[in-house]
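What follows is a set of notes on a single structure, which appears directly below.
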Amino acid sequence: MFWEPYDEQDGYKIWLSQSEVEQFIEAAQTDIQELAFLLGVRCGLRSDEIVRVCPEDARLTDAGWMLRVDGAKGGGLRQTPVPEMVAGMLRARHPDDEPIVDVTTRSIRNWVSNAGDRLAEDTGEEMWSKLSPHDLRRTWATSLDGADVNALIVCDWGGWSNLETFLDAYRGTNSPEVQKDNRERVDWL
């Protein structure tokens with residue numbers, strides 16, 4: 001887990017490693033919470049986008065499974081990749097045109113906060129208790145960057161209008177996986 005304090009507000013920006021992502025997903029207490037967490041950390045959705053996702057928004061395209069995000073920040077429409085397993089979870093729900101995670105954005109924040117508190121208690125890592133839904137999106141963006149996905153594609157999938165916003169606000173330090181890979185290239189470490 002990496003974190004840094006916000007420049008102009010209280011709190012922290014947090015990035016999870018992939019093993020921490022798995023821990024976090026496992027901390028969900030219901031299937032709907034698990035789906036909400038997956039939409040944040042595997043699709044990069046904001047809280048207000050998570051609560052609007054309908055089964056019909058997951059579509060198989062020539063690029064693979066994509067999730068249509070209508071009414072994204074700024075009122076736009078974008079598509080972001082969705083793992084096939086998550087698309088299956090979405091498509092298994094009915095009716096097709098009604099939101100699946102039918103709660104408030106405050107509920108999403110509470111679910112993330114409560115899961116983080118449980119993980120802080122279980123692991124002794126206090127930063128879990130600072131986790132926010134936006135940290136899931138931040139983790140998603142950084143993991144794509146760490147996988148060498150073109151930064152302009154990440155901007156497109158994430159709905160950022162310019163590269164500078166993504167680089168300044170979302171892309172964090174390299175993931176633990178990228179750092180480990182690079183450490184292994186240095187024979188004296």
Measuring from centroid to centroid over Cα atoms, what is the spacing of region 36-79 and region 97-161 in Å? 13 Å
If you rank ASP102, ASP117 by fewest surrounding Cβ atoms within 10 Å, what's the result? ASP102, ASP117
The residues HIS134, HIS94, sorted from fewest to most surrounding Cβ atoms within 10 Å, come out as HIS94, HIS134
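Which order results if ILE14, ILE25, ILE153, ILE108 are arranged by neighbouring Cβ count within 10 Å, fewest first?
Working: ILE14 22, ILE25 18, ILE153 11, ILE108 25.
Ordered from fewest to most neighbouring Cβ atoms within 10 Å, ILE14, ILE25, ILE153, ILE108 come out as ILE153, ILE25, ILE14, ILE108.
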Of all DSSP beta bridges in region 56-164, antiparallel share, percent nearest 5: 100 percent
Top of ASP48, ASP145, ASP97 by mean-square fluctuation, Gaussian network on the chain, Cα under 10 Å: ASP97
Restricting to Cα pairs below 8 Å that are 6+ residues apart, what does the relative contact order work out to for region 17-183? Please round to a whole percent. 25 percent
Fluctuation leader among ALA141, ALA120, ALA36 - the chain, Gaussian network, Cα springs under 10 angstrom: ALA120
By how many degrees, 0 to 90 and rounded to 10, does the Cα axis of helix 31-41 deviate from the longest principal axis of the chain? 60 degrees
Against the longest principal axis of the chain, how steep is helix 105-123, in degrees 0 to 90 to the nearest 10, with axes from Cα atoms? 40 degrees
Using the Cα gyration tensor of region 5-81, with a ≥ b ≥ c the square roots of its eigenvalues, what is the shape: rounded (a/c below 1.5), prolate (a/b larger than b/c) or oblate (neither)? oblate
What longest range of the chain stays clear of loop-exposed chymotrypsin sites (Phe, Trp or Tyr not before Pro) (DSSP non-H/G/I/E/B, at most 16 other C-beta within 10 angstrom)? 7-187
Roughly how tilted is helix 133-146, in degrees to the nearest 10 and between 0 and 90, from the longest Cα axis of the chain? 70 degrees
Taking GluC sites (Glu not before Pro) as exposed when in a DSSP loop with at most 15 other Cβ atoms inside 10 Å, the chain has its longest clean stretch at 9-124
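Taken together, the values in this text are just the output of simple stated rules run on the coordinates, not laboratory data. Source: prediction; values computed, not measured. Every residue, glycine as well, gets a Cβ built from its backbone with ideal geometry; the counts of neighbours run over all protein chains shown.
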